[in-house]
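Chemist: Mind looking over this structure? Questions follow.
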Amino acid sequence: MSETATQAPPATAAATDDVLLDVRDLKVHFDTEAGTFRAVDGVSFSVKRGKTLGIVGESGCGKSVTSSGIMRLVPMPPGRFAGGEVMFDGRDLLKLSEKEMRGMRGGRIGMIFQEPMTALNPVYRIGDQIIESLRVHSGLGRAAARRRAIELLDLVRLPSPEKRVDDFPHQLSGGQRQRVMIALALANDPELLIADEPTTALDVTIQAQILELMRDLSARTGAAIVLITHDLGVVAETCDDVVVMYAGRVVERAPVAALFAAPQHPYTIGLMAAVPRLDIQSDRLETIPGSVPPPYAKIDGCRFASRCPVATDQCRAELPPLRELAPGHSVACWRAPLEDVA
Amino acid sequence: MSTVLEVSNLTKHFPVRRGLLRRQVGAVQAVSDVSFSVKAGETLAIVGESGCGKSTTGRALLRLLEPSAGSVKLDGEEITALPPSRLRAARRQMQMVFQDPFGSLNPRMTVREILVEPMVLHGIASGERAEARVSELLRTVGLAPYHAERYPHEFSGGQRQRICIARALATRPRLIVCDEPVSALDVSVQAQIVNLLQDLQREFGLTYVFISHDLAVVRHIANRVAVMYLGRIVEEAETSALFADPRHPYTRALIAAAPRPAPGAVTGREAVRGDAPSALNPPSGCAFHPRCPLATERCRTERPELRAVSGSNVACHHAEQAEPLPLPSAASAPSELLNRRLEVLARARAASAA
Ligand SMILES: Nc1ncnc2c1ncn2[C@@H]1O[C@H](COP(=O)(O)OP(=O)(O)OP(=O)(O)O)[C@@H](O)[C@H]1O
Ligand SMILES: Nc1ncnc2c1ncn2[C@@H]1O[C@H](COP(=O)(O)OP(=O)(O)OP(=O)(O)O)[C@@H](O)[C@H]1O
Ligand code: SF4
Ligand code: SF4
Ligand SMILES: [Mg+2]
Ligand SMILES: [Mg+2]
């Protein structure tokens, strides 16, 4: 692990133990013609200042809906908050007025979207988009904002930033667009950074530099980070704690080392085994057989049961609650730990 | 085996214009002098730093962008010179899975319409046959027939990526350019898609150009690998040779920096330091020289040509000098407890199958 991540917390804001973001039993449902789709169905987690929480889980399990739910950016309708609270620094974001919420976005809370073009406006130059944000949230003058924008583009390793600041998004490569969006999210030193797959389009070296940038933000200002990624290498390197989601729910939660050393939930175990490895050449990559239940199916029990080789009748009938098996390590599985299964 | 795709000296430079008169003040040298060929049923991977010209190469191959110079032959037919009508026919044989799935799907079309459109356009199927094929394609990429009625914005990032793959498969092409096709997917769905691409390749003799920055996936799927740096191919070799004995200092740095999925694993991520070069103003001589540990005076002035060095084609003056590189190993091995629990699951799965 990197030095920054293993060091004992320094005696700065980063060391204080207070929870900045506390998501409690969040439910985001979609009402469609076919029925109600419980995309996020009772998700809870919290992040302390200066800490990084990773969220992993199968494609479509609700990670992005959770993060855009926190930012109140889920289209409503068809979306709807069916319950829960999003406590940010002691206030429930779900209760803020739209105007207050707009002030949060891009200011105290920065967001990196999974798809850069959802955050970048195709008809404005990238520099102008960053400058606008700096002027609104940090009150910089035009010239100062432009200087800062170029500096930010340099920080995210955009080559020739002083020239490319005047490019339009379509003139950039996929990874460059992603980095512009990261610059935009970091522009105003957010207290909370929500990063949804921030490095998917980036090669390893630039990825390393971006992760360092995020760590630096967190160490320097005590920012809390929620990092959504399917790259377990990135999780291992960057996160303090990890939440594993499956079909709209949290199925496991653990400190990062514990998750890798002793994954508990059958889904997590399958996920870990599916990581392709550079040192082994195999004929086929390992998968988790089966697929998620259809979204409108009414399921009382464990949502993983149809794919789980050790499922029992209890699993199919009763929803397993999160229970703590080791300090800070909880799992929603009736049968964990599996080695005790006869 | 026959050569499906033959690319020679492909070049794409984007003019940079400034001022009211939009005068050209320079050019982004996105792709310069790229040559390679791919045989039927094989996969060529293109890897390299963000912005090095991978997507531009892919788009120029299919003439989604007009190349500035060079030749692209599909089954011997020169693509760069085709008139529009013939180009449309050729497009049936070559498809692309785009890096940005959101931007490449029409938000006002349902998934069914998205998949039926190319089938009708190329006269492959219509009516009921097209309907049946929609369901089949959705299942192929791990989605379900009920997804057909939904719109792109109703899907997650990874689900949209799979719609793009289904659309590329719809015309039963000979060649698919896959631009980061699995980078938006979690590892188990990624594995499903990679296995699927390989099955389709075996079954139909598909040829892939596979753009990716995930070296583990590349090592698994590719027959050959081309490494690009600032618009040029700097190393090209058979996959096993490339990983066993990478010769270009940039390739070596890339492999050394590959992430290991284990907390505490030591990565060589310091490998490529220094500023990323600019395609607006590439360094003289070897473009890698400002970041290269082996750079000499010659590297600053003379651009190295691709040449054969122990099984690779390498563009480096000092390719013979590099020390052998140990492959990343045990650091990423699964924990003992994980293995024990996997065994429990495997045994249970076997028992229920019996
Ligand atoms: N506007 C919408 N209307 C209906 N369903 C939606 C909408 N947006 C998302 N969904 C559904 O909600 C589920 C969760 O989507 P989400 O984008 O959160 O997945 P994800 O975990 O981020 O996946 P990925 O890793 O592929 O990005 C998906 O099954 C998706 O189809
Ligand atoms: N339309 C355009 N106008 C000007 N420059 C462009 C245009 N499209 C791409 N470029 C530039 O060409 C270079 C190569 O871009 P390309 O998209 O091919 O990179 P890439 O290797 O696919 O990168 P990534 O891994 O980030 O997707 C980049 O410097 C990019 O900014
Ligand atoms: S609760 Fe039962 S079905 Fe669900 S993961 Fe655990 S063992 Fe499998
Ligand atoms: S030619 Fe010189 S600078 Fe370029 S990669 Fe080889 S040693 Fe390094
Ligand atoms: Mg997502
Ligand atoms: Mg690209």
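The values are calculated or read from the model by the stated rules, or taken from the named source; none is laboratory data. Worth saying up front: this structure is predicted, and the values here are computed from it rather than measured. Note that each Cβ is placed from the backbone with ideal geometry, even for glycine, and that neighbours are counted across all protein chains shown.
Chemist: Conditions: (1) over 23 Å from the mean Cα position of the chain (by Cα); (2) within 16 Å of ligand 5 (Cβ to nearest atom). A:Val292 meets all but one. Number of the miss?
Modeler: Only one criterion is unmet by A:Val292, namely (1).
Chemist: Is it the case that some residue within region B:81-97 is within 16 Å of ligand 6 (Cβ to nearest atom) and crowded, with 18+ Cβ neighbours inside 10 Å?
Modeler: Yes, that holds for at least one residue.
Chemist: A further question follows. Inside region A:252-280, can you point out the residues that are of a type outside the set (Gly, Ala, Ser) and either in contact with a Phe, Trp or Tyr (Cβ under 6 Å, 6 or more places away or on another chain) or assigned to a loop (DSSP other than H, G, I, E, B) (or both)?
Modeler: Once the filter is applied, which keeps residues that are of a type outside the set (Gly, Ala, Ser) and either in contact with a Phe, Trp or Tyr (Cβ under 6 Å, 6 or more places away or on another chain) or assigned to a loop (DSSP other than H, G, I, E, B) (or both), region A:252-280 yields A:Pro263, A:Gln264, A:His265, A:Tyr267, A:Val275, A:Pro276, A:Arg277, A:Leu278, A:Asp279, A:Ile280.
Chemist: For region A:304-332, which residues satisfy the criterion of being among the hydrophobic types (A, V, I, L, M, F, W, C) and not in a loop (DSSP other than H, G, I, E, B)?
Modeler: The answer is A:Ala305, A:Cys315, A:Ala317, A:Leu325, A:Ala326, A:Val331.
Chemist: Oh, and also: Residue check: is A:Glu286 away from ligand 4 (no atom under 16 Å from the Cβ) and at the interface with chain B (Cβ under 9 Å from one of its Cβ atoms)?
Modeler: The answer is yes for A:Glu286.
Chemist: Using the structure shown, decide if A:Ser306 is in contact (Cβ under 8 Å) with a residue 24 or more places away in the chain and either among the hydroxyl-bearing types (Ser, Thr, Tyr) or more than 30 Å from B:His220 (Cα to Cα) (or both).
Modeler: no
Chemist: Of the residues A:Pro190, A:Pro169, A:Pro122, A:Pro159, which is surrounded by 18 or more Cβ atoms within 10 Å (Cβ to Cβ) and out of contact with any Lys or Arg (no Cβ under 9 Å at 6 or more places or on another chain)?
Modeler: Within the list A:Pro190, A:Pro169, A:Pro122, A:Pro159, the selection yields A:Pro159.
Chemist: A further question follows. Give all pairs with beta carbons closer than 9 Å in which a residue from region A:62-75 that is more than 11 Å from chain B (Cβ to nearest Cβ) and among the small types (Gly, Ala, Ser) meets a residue that is more than 16 Å from ligand 3 (Cβ to nearest atom) and part of a helix (DSSP H, G or I); count only pairs at least 6 apart in sequence or on separate chains.
Modeler: A:Gly69/A:Leu94
Chemist: Quick one: B:His153 ticks every box in (1) surrounded by 15 or more Cβ atoms within 10 Å (Cβ to Cβ); (2) away from ligand 2 (no atom under 16 Å from the Cβ); (3) within 14 Å of chain A (Cβ to nearest Cβ) except a single one, so which number is it?
Modeler: B:His153 satisfies all of (1) surrounded by 15 or more Cβ atoms within 10 Å (Cβ to Cβ); (2) away from ligand 2 (no atom under 16 Å from the Cβ); (3) within 14 Å of chain A (Cβ to nearest Cβ) except (1).
Chemist: Of (1) within 16 Å of ligand 4 (Cβ to nearest atom); (2) within 13 Å of chain A (Cβ to nearest Cβ); (3) surrounded by fewer than 24 Cβ atoms within 10 Å (Cβ to Cβ), B:Glu49 satisfies all except one. Which?
Modeler: The one condition B:Glu49 does not meet is (3).
Chemist: Give me a count of the residues in region A:20-59 that are surrounded by 15 or more Cβ atoms within 10 Å (Cβ to Cβ), modelled with pLDDT of 90 or more and either part of a strand (DSSP E or B) or not assigned by TED's automatic domain parsing to the domain that holds A:Asp241 (or both).
Modeler: 27
Chemist: Residues A:Pro309, A:Pro294: which one is at the interface with chain B (Cβ under 10 Å from one of its Cβ atoms), of a type outside the set (S, T, N, Q) and more than 9 Å from ligand 3 (Cβ to nearest atom)?
Modeler: A:Pro294
Chemist: Residue under question is A:Glu318, and the condition is that it be more than 16 Å from A:Cys61 (Cβ to Cβ), without any contact (Cβ under 8 Å) to a residue 60 or more places away in the chain and more than 9 Å from ligand 3 (Cβ to nearest atom); does it hold?
Modeler: No; evaluated as a whole, the condition is false for this residue.
Chemist: If you take the residues in region A:212-247 that are among the hydrophobic types (A, V, I, L, M, F, W, C) and part of a loop (DSSP other than H, G, I, E, B), which one is nearest to A:Arg38 (Cα to Cα)?
Modeler: Taking the candidates together, the pick is A:Ala247.
Chemist: Moving on. If only one of B:Ala331, B:Ala319, B:Ala348, B:Ala353 is within 12 Å of chain A (Cβ to nearest Cβ) and at pLDDT 85 or above, which one is it?
Modeler: Only one candidate qualifies: B:Ala348.
Chemist: Hey, another quick one. List every residue pair whose Cβ atoms lie under 6 Å apart, where the two residues are 6 or more positions apart in sequence or sit on different chains, the first residue falls within region A:146-169 and is more than 18 Å from A:Pro122 (Cα to Cα) and modelled with pLDDT under 90, and the second residue, located anywhere, is of a type in the set (Val, Ile, Thr) and in a helix (DSSP H, G or I).
Modeler: The qualifying pairs are A:Val156/A:Ile182; A:Arg157/A:Ile206.
Chemist: What single numbered condition from (1) at pLDDT 90 or above; (2) farther than 28 Å from B:Gly51 by Cβ fails to hold for B:Arg167?
Modeler: It fails just one condition, (2).
Chemist: Pairs under 6 Å by beta carbon, first residue farther than 19 Å from B:Val34 by Cβ in region B:307-320, partner outside any loop (DSSP other than H, G, I, E, B) and among the basic types (Lys, Arg), six or more apart or different chains?
Modeler: Pairs found: B:His317/B:Arg298.
Chemist: Do we find a residue being closer than 26 Å to B:Leu10 by Cα, over 15 Å from the mean Cα position of the chain (by Cα) and within 13 Å of chain A (Cβ to nearest Cβ) anywhere in region B:218-233?
Modeler: Looking for residues that are closer than 26 Å to B:Leu10 by Cα, over 15 Å from the mean Cα position of the chain (by Cα) and within 13 Å of chain A (Cβ to nearest Cβ), one finds at least one in region B:218-233, hence yes.
Chemist: Something else about it: Name every residue in region B:176-193 that is assigned to a helix (DSSP H, G or I) and among the hydrophobic types (A, V, I, L, M, F, W, C), in order of residue number.
Modeler: B:Val187, B:Val189, B:Ala191, B:Ile193
Chemist: Also, quick follow-up: Out of A:Gln178, A:Gln207, report the one residue that is crowded, with 22+ Cβ neighbours inside 10 Å, within 16 Å of ligand 5 (Cβ to nearest atom) and either in contact (Cβ under 8 Å) with a residue 24 or more places away in the chain or within 18 Å of B:Ser183 (Cα to Cα) (or both).
Modeler: A:Gln178
Chemist: For region A:160-198, what are the residues that are within 12 Å of chain B (Cβ to nearest Cβ) and touching a Ser or Thr at 6+ places or on another chain (Cβ under 7 Å)?
Modeler: The answer is A:Ser160, A:Ser173, A:Gly174, A:Gly175, A:Gln176, A:Asp196, A:Glu197.
Chemist: Select from region B:130-148 the residues that are facing chain A (nearest Cβ under 8 Å) and either on the phi < 0 side of the Ramachandran plot or without any contact (Cβ under 8 Å) to a residue 24 or more places away in the chain (or both) and list them in ascending order.
Modeler: B:Ala144, B:Tyr146
Chemist: If I filter region B:259-276 down to residues being surrounded by fewer than 17 Cβ atoms within 10 Å (Cβ to Cβ) and among the charged types (D, E, K, R), which single residue comes out as modelled with the lowest pLDDT?
Modeler: B:Glu270
Chemist: Then there's this: Yes or no: region A:236-248 includes at least one residue that is surrounded by 24 or more Cβ atoms within 10 Å (Cβ to Cβ), facing chain B (nearest Cβ under 8 Å) and away from ligand 5 (no atom under 16 Å from the Cβ).
Modeler: yes
Chemist: Then there's this: So, A:Asp231, is that one under 30 Å from A:Leu186 (Cα atoms), charged (D, E, K, R) and modelled with pLDDT of 90 or more or not?
Modeler: no
Chemist: Only one of B:Ala237, B:Ala279, B:Ala256 is of a type in the set (A, V, I, L, M, F, W, C) and at pLDDT 90 or above; which?
Modeler: After ruling out the rest, the residue left standing is B:Ala237.
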